[in-house]
Amino acid sequence: MELAGPMRVHALLDRLELNRESVLVIRNDELVPGDALLADDDVVEVRPVISGGAVAP
Amino acid sequence: MKCTVCKGPAVIDLARHNAHFCTDHFLRFCRDQVVKAVDEFAMIAPGERVLVAVSGGKDSLALWDLLLELGHEADGLYLGLGIGEYSDESGRYARAFAAARGVRLVEIDLPADHGFDVPTAARATRRVPCSACGLSKRHLFDQAAREGGYDVVATGHNLDDEAAVLFGNVLRWDEAYLARQLPVLAARDGFPRKVKPLVRLSEREMAAYCVVRRIDYQVEECPMAVGNKHLGYKEALNEVELRSPGSKHAFYFGFLARAAERFADAALADGGVLGACERCGAPTTNDVCAFCRLSEKASAHEPVPVPRPRTRR
């Protein structure tokens with residue numbers, strides 16, 4: 001997916017309608033906080049963090 | 001955004017703590033939270049041998065890494081569940097972690113060692129897959145700990161896991177489950193002590209820990225867990241957390257401090273007289289334990305295909 005920058009991480013997540021508690025944003029293998037400014041040519045990964053299955057033990 | 005501690009560049013913001021951390025101080029925060037949980041709930045005594053239940057996902061690998069970093073003697077236990085490519089991949093992450101650190105990984109494979117897999121067990125016993133999986137894990141973790149002489153089994157349940165399970169148990173007012181929803185389950189009658197050292201850390205914090213520590217883990221969700229209630233509860237609680245940071249912590253730790261004790265009688269009422277399973281010797285309140293009954297049905301059932309893995313958004 002391509003979006004025009006620059007854009008703050010929080011704005012990106014709002015735009016994608018993603019809960020910031022449920023994802024991490026990673027740029028060049030580094031975490032970026034919510035107020036980080038993403039440049040137009042940045043490639044970022046928005047990684048889900050919620051997992052769940054068997055409740056054991 | 002600057003680190004709350006050192007004013008260096010922050011890599012993560014934690015709204016529930018009203019804090020931002022650089023890499024070094026985030027790692028220190030995670031270690032401090034584990035130390036606090038271990039001490040507060042008397043999870044692991046000095047010198048005790050720990051068996052970490054490792055799935056290849058972020059929580060269990062982060063837990064193993066944190067316990068090793070904190071100086072605990074911790075081996076890993078990986079259970080192959082026979083969930084097709086998903087299990088193949090999860091095993092590779094667990095083995096790679098152990099090999100990179102030169103630590104011991106015990107492996108048990110359900111299909112090879114017990115003749116069935118989770119999809120088939122679920123169909124054969126008419127359980128939801130997560131129930132068949134959980135039953136198998138409980139039995140095999142306990143057995144491995146007993147046979148390996150470990151003092152304690154540690155699992156990667158985090159704050160989100162515990163808050164979501166609590167939410168579900170409260171929705172149903174399931175007193176027996178509420179009575180057992182504690183960060184430590186004491187050892188008894190052949191069952192090892194079970195501890196959850198990540199209860200003070202959120203799911204997002206554990207994923208961030210793995211990224212910062214360069215721990216490769218399985219990001220993909222289990223294909224058998226898609227659409228389960230537990231995931232729905234987590235999403236609901238994260239909506240609350242977004243609007244009111246700290247709600248998950250307040251919910252779970254408030255329960256532990258002010259309500260858990262009220263359900264203690266339900267735990268006592270739920271327990272029967274324990275004997276030994278006539279097939280495997282595991283402690284059980286029946287002649288044959290639940291795992292041996294599941295194993296018998298699943299082994300006799302036609303193999304059930306595994307759903308295709310799903311890449312999550």
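The values are calculated or read from the model by the stated rules, or taken from the named source; none is laboratory data. Bear in mind the structure is a predicted one, so any value in this text is a computation, not a measurement. Positions of Cβ are backbone-derived with ideal geometry, glycine not excepted, and every protein chain shown enters the neighbour counts. What goes into the accessible areas is simple: the full protein's heavy atoms, side chains included, and nothing from ligands, DNA or RNA. Shrake-Rupley method; radii C 1.70, N 1.55, O 1.52, S 1.80 Å.
Things to note:
- Interface burial in region B:1-33 reaches 40 Å² or more for B:M1, B:V11, B:D13, comparing the full protein assembly with the chain by itself; accessible area from heavy atoms with a 1.4 Å probe.
- Rounded tilt (10° steps) of B:84-101 against the dominant C-alpha axis of chain B: 60
- Once the partner protein chains are put back, region B:221-268 shows a loss of at least 40 square angstrom of accessible area, versus the chain by itself, at B:N238, B:L242 (probe 1.4 Å, ligands and nucleic acids excluded).
- For region B:47-161, the carbon plus sulfur part of the accessible surface works out to 44%, probe radius 1.4 Å.
- Modelled spin labels at A:R8 and B:C6, positioned 7 Å past Cα toward Cβ, are 2.6 nm from each other.
- Rounded to 10°, Cα long-axis angle of helix B:229-243 versus longest principal axis of chain B: 10
- Span from the region B:32-95 Cα centroid across to the region A:3-57 one, whole angstrom: 26
- Protein heavy-atom accessible surface, 1.4 Å probe, per residue over region B:36-308: 44 Å².
- Under the convention that each Lys and Arg Cβ holds +1 and each Asp and Glu Cβ holds -1, the size of the dipole of the protein assembly as shown around its Cα centre is about 480 debye.
- For chain B, the average shadow cast by the Cα convex hull is 16.5 nm², which is a quarter of the hull's surface.
- Where B meets A: accessible area buried, both sides, 1.4 Å probe, Å²: 3000
- Charge dipole (the protein assembly as shown, unit charges on Cβ, about Cα centre) - positive-most of B:S60, B:A225, B:L256: B:L256
- Distant-in-sequence amide H partners of B:R104 (H built 1.01 Å from N, under 5 Å): B:G76
- Inter-part distance where region B:233-288 and region B:115-166 are each reduced to a Cα centre, Å: 14
- Over 28 Å (Cα to Cα) - which of B:K248/B:K297; B:K137/B:K248; B:K36/B:K248; B:K2/B:K248; B:K234/B:K297; B:K36/B:K229 fall in this group: B:K248/B:K297; B:K234/B:K297; B:K36/B:K229
- Compared with the dominant principal axis of the Cα atoms in chain B, helix B:290-300 is inclined by about 70°.
- Annotation: extensible slack from B:D216 through B:A45 equals 58.6 nm (criterion: 0.36 nm per residue apart, minus Cα-Cα distance).
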